[in-house]
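All of the numbers you see were taken from the coordinates with simple rules; none came from a lab. Predicted, not measured: the structure shown is a model, and the values here were computed from it. Because the Cβ atoms are built from the backbone with ideal geometry, glycine has one as well, and the counts that use them run over all protein chains shown.
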Amino acid sequence: MVSTVVRTAAALAAELNLAGYTHFALRDADSSRPGLFHQFGLTTDDYTPKPAFAAFRDLVAEHGSPTTPFSYR
């Protein structure tokens, strides 16, 4: 799912004037709870990487630009 979201944002970046993408959460709020809203993270609540972590890392390498500095707004 993270791959679909990032690839779609990258494909539409120029058309929608997007300057970047921010993922909602690094880690789960509570990995032991079954609800969707507790497991949004790229890592579990003890920071163990989930498969989405590797996917996001690869997408940053693919779509990121090391020559574009961060802009804090």
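For segment 3-29, a residue qualifies if it is part of a loop (DSSP other than H, G, I, E, B), surrounded by 13 or more Cβ atoms within 10 Å (Cβ to Cβ) and over 11 Å from the mean Cα position of the chain (by Cα), and the qualifying residues are Asp28, Ala29. The residue pairs whose first member lies in segment 2-28 and is touching a residue at least 24 places away in the same chain (Cβ under 8 Å) and more than 26 Å from Asp45 (Cβ to Cβ), whose second member is surrounded by 14 or more Cβ atoms within 10 Å (Cβ to Cβ) and not acidic (Asp, Glu), and whose beta carbons are closer than 7 Å, counting only pairs six or more residues apart or on different chains, are Ala10/His63.
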